[in-house]
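The values are calculated or read from the model by the stated rules, or taken from the named source; none is laboratory data. Just so it is clear, the structure is predicted and the values come from calculations on it, not from any experiment. Counting neighbours? That spans all protein chains shown, and the Cβs are built from the backbone with ideal geometry, glycine included. Please note that ligands, DNA and RNA were not included when accessible areas were found on the heavy atoms of the full protein model with its side chains. Shrake-Rupley method; radii C 1.70, N 1.55, O 1.52, S 1.80 Å.
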Amino acid sequence: MAGLAVSASPAPAPASFRPSAAASRFGPCAQVAGTAANFRTRVCGLRCLIAAKLKFRKTLKRHGWQLRRNLEVRANDKVPDWLEATPLTENIMSGDVQLAYDSGGETSNTCPDTFDSSVNEQSSMHHKLNPSETHPPVLKEDPVLFDDQPESAAPLCIAVIGATGELAKNKVFPALFALYYSGFLPQNVGIFGYSRKTLTDEDLRSTIEANLTCRVDHHENCDEKLNEFLKRTYYIDAGYDNKDGMVKLNSRMSQIEGNCAANRIFYLAVPQEALLDVALSLADSAQTMQGWNRIIIEKPFGFTSLSSHRVTQSLLSRFEEEQIYRIDHLLGKDLIENLTVLRFSNLVFEPLWSRTYIRNVQVIFSEETATEIQGRYFGNYGIIRDIVHSHILQTIALFAMEPPVSLDGEDIRDEKVKVLRSIRKVDLEDVVLGQLKDTSVKVDRYTKSLTPTYFAAAMYIDNSRWDGVPFLIKTGIGLMENRAEIRIQFRHVPGNIYRERFGHDIDLDTNELILRDQPEEAILLKVNNKVPGLGLQLDASELNLLYRDRYNVELPDSYEHLLLDVLDGDSHLFMRSDEVAAAWNVLTPVIHEIDQNRIAPELYEAGGRGPVNAYYLAAKHGVRLDDEW
């Protein structure tokens, strides 16, 4: 662990106690000196090391790589006679003692030459133990923030498969550079581009350099950091055989890593039809044997429930579940992360989060017309498979889940999948399909397809917390504005004595909480208020928290957020295999009915509000739509 040095005085360090692999992500592991007989000392030191590692990982989320932990283990001068004669001690300590850091890869051992210089093994071999002390070692933590990444950090290799594609050039490489600038990537990182095009290292660097820029708050030493990042970027010509290509990638990575233990991340920015060939070849030929391996897979996650299941089974035949990160960049927004924070860290909201007080929930995601994405929606996948299956259902799951045991990714995913399994089968009468009506040349060729570009539906969660509460989802492209928000409408005040002051429209007195990511990040709370002046006139006002006014920072891109989560092993915003299957179980019946009956979507104009039937659907389920939508 970079900056985690455990120095022992003065006791010999037997070869049977190897450095812990728990800290292999950050650098050389701590070594605890002692003899085989010194059982209490060794075990206590090991326990302290585990506790320090867990505490370090929590602190790492806040400070990134810029954290140093100095731990000092002061060994006993001598072991009591009764411990020296214990045969059990000899049996236990004669074996290797290792900590497995990540279930997604082999146990890693770091290079001997990267150990912290503060550990002086030669001098400790000549000291004797003091017979006057019999206490276990004392573990001291001294957190020190520092600016430069320690040279002893374990190497990290990140491979972008499909490096010449638009996704890699416009999103992935810029996100990696932003993380590198901020110090979240180790100094000895290697970035590898993998593609079938015949390019050189310099060609790749020139290609991606045009899209690498520093954020407003990242202009200090920007050119210097950019040059450093590009020097660590390499290109692999995959040819037309991924098996040979992955062998080349592995060889090039090994050259950069040297003999040290290293970790690897593989971002598969490839079409769905090429996913399995790439992933399986990678599993056979490009994984490191001395660290963890993690693969990132882009949505959509299958075309049907059956095809998705086949892909999942193929992946799990070569990878552990903990290694697979199914990424949806829309889940990297602050809106999504703020769902659990707002609810579980504020007493004012948690008691209200149920059918007792919430009348309905709206999940809205819309995009303006963009010709570069229309082909994707009009093609085979459509908006249901591309947006609803992952982003919309994951948003509902995070919103509606029960409090998890902890913030651990697996605990959160356990609660999410319960929500997905509780969603009632969607009735086709509660669905509105739309298709963008456009006469442009690039779009007109798709209009013979029935693939929807707009989807609205009323969903219900059949559990004790949300029984009877409609979740109205609306998502589409070609609409009047980019919009991403969650609107929570609360029930009317029972026996409201001010009811007559609102006139005939009693919905005007409904309290509403709005969590908005677009058009501008904000948290809005609609409350009823007396208008200043004589008389008693009520008005619905908004208490607003606008991020641009409160926080003078430029928000990082969602890819930065999610890539950092992968680096840290935080999986709560990534779909697990059972979540993927549960989401397909929700959507498969309605998709099957749409395909079987060949239901024609309602056409709507570009720049408008979408299909008219969406308003009738909302009224049917008692949902008041925003006048601006």
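Taking Arg343 as the residue in question, decide whether it is open to solvent by 20 Å² or more (accessible area, probe 1.4 Å) and under 30 Å from Val493 (Cα atoms). In short, no.
Selection within the stretch 324-340: residues that are closer than 30 Å to Ser281 by Cα and touching a Leu at 6+ places or on another chain (Cβ under 9 Å). The member of this set that is surrounded by the fewest Cβ atoms within 10 Å (Cβ to Cβ) is His329. When Ala163, Ala168 are screened for being open to solvent by less than 80 Å² (accessible area, probe 1.4 Å), part of a helix (DSSP H, G or I) and either touching a Pro at 6+ places or on another chain (Cβ under 6 Å) or of a type in the set (Gly, Ala, Ser) (or both), only Ala168 passes. Asp241 falls short on exactly one of the conditions (1) of a type outside the set (Lys, Arg); (2) at pLDDT below 95; (3) closer than 21 Å to Leu167 by Cα, and that condition is (3). Taken as a whole, the condition of being open to solvent by 30 Å² or more (accessible area, probe 1.4 Å), touching an Asp or Glu at 6+ places or on another chain (Cβ under 8 Å) and either modelled with pLDDT of 95 or more or on the phi > 0 side of the Ramachandran plot (or both) does not apply to Glu368. All told, Tyr235 meets the bar of being within 26 Å of Ala154 (Cα to Cα), among the aromatic types (Phe, Trp, Tyr) and not in a helix (DSSP H, G or I). In a residue-by-residue description of the stretch 538-545, the property of being closer than 30 Å to Gly622 by Cβ, open to solvent by less than 60 Å² (accessible area, probe 1.4 Å), modelled with pLDDT of 80 or more and not assigned by the TED database to the domain that holds Tyr180 applies to at least one position.
Within the stretch 374-405, being over 15 Å from Gly302 (Cβ atoms), open to solvent by less than 10 Å² (accessible area, probe 1.4 Å), in contact with an Asp or Glu (Cβ under 8 Å, 6 or more places away or on another chain) and modelled with pLDDT under 95 holds for Gln374, Tyr377. Those helices (runs of 4 or more DSSP H) of the stretch 504-622 in which 2 or more residues are closer than 30 Å to Glu298 by Cβ and in contact with a helix residue (DSSP H, G or I) (Cβ under 7 Å, 6 or more places away or on another chain) occupy 558-568, 577-597.
Residue-wise test of (1) assigned to a loop (DSSP other than H, G, I, E, B); (2) surrounded by fewer than 19 Cβ atoms within 10 Å (Cβ to Cβ); (3) at pLDDT below 95.
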| position | (1), (2), (3) |
| --- | --- |
| Lys442 | no, yes, yes |
| Tyr446 | yes, yes, yes |
| Ser449 | yes, yes, yes |
| Ala457 | no, no, no |
| Leu472 | no, no, no |
| Gly495 | yes, yes, yes |
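Can you spot a residue in the stretch 256-278 that is more than 23 Å from Tyr559 (Cα to Cα), outside any helix (DSSP H, G or I), out of contact with any Leu (no Cβ under 8 Å at 6 or more places or on another chain) and β-branched (Val, Ile, Thr)? Scanning the stretch 256-278, I find no residue that is more than 23 Å from Tyr559 (Cα to Cα), outside any helix (DSSP H, G or I), out of contact with any Leu (no Cβ under 8 Å at 6 or more places or on another chain) and β-branched (Val, Ile, Thr), so the answer is no. Residues in the stretch 474-487 that are hydrophobic (A, V, I, L, M, F, W, C) and either in contact with a helix residue (DSSP H, G or I) (Cβ under 8 Å, 6 or more places away or on another chain) or modelled with pLDDT of 95 or more (or both): Ile477, Ala484, Ile486. So is Ile488 assigned by the TED database to the domain that holds Thr340 and in a loop (DSSP other than H, G, I, E, B) or not? Criteria not met by Ile488. Taking into account only those residues within the stretch 187-227 that are without any contact (Cβ under 8 Å) to a residue 40 or more places away in the chain and charged (D, E, K, R), which is surrounded by the most Cβ atoms within 10 Å (Cβ to Cβ)? Going through the qualifying residues, I end up with Arg205.
Conditions tested, residue by residue: (1) over 21 Å from Ala175 (Cβ atoms); (2) open to solvent by 10 Å² or more (accessible area, probe 1.4 Å); (3) in the same structural domain as Ala581 (by the TED database); (4) in contact (Cβ under 8 Å) with a residue 40 or more places away in the chain.
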{"position": "Trp292", "(1), (2), (3), (4)": "no, no, no, yes"}
{"position": "Thr304", "(1), (2), (3), (4)": "yes, yes, no, yes"}
{"position": "Val311", "(1), (2), (3), (4)": "yes, yes, no, no"}
{"position": "Leu316", "(1), (2), (3), (4)": "yes, yes, no, yes"}
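The condition (being in contact with a strand residue (DSSP E or B) (Cβ under 9 Å, 6 or more places away or on another chain), open to solvent by 60 Å² or more (accessible area, probe 1.4 Å) and touching a residue at least 12 places away in the same chain (Cβ under 8 Å)) is satisfied by just one residue among Arg548, Arg516, Arg598, Arg576: Arg548.
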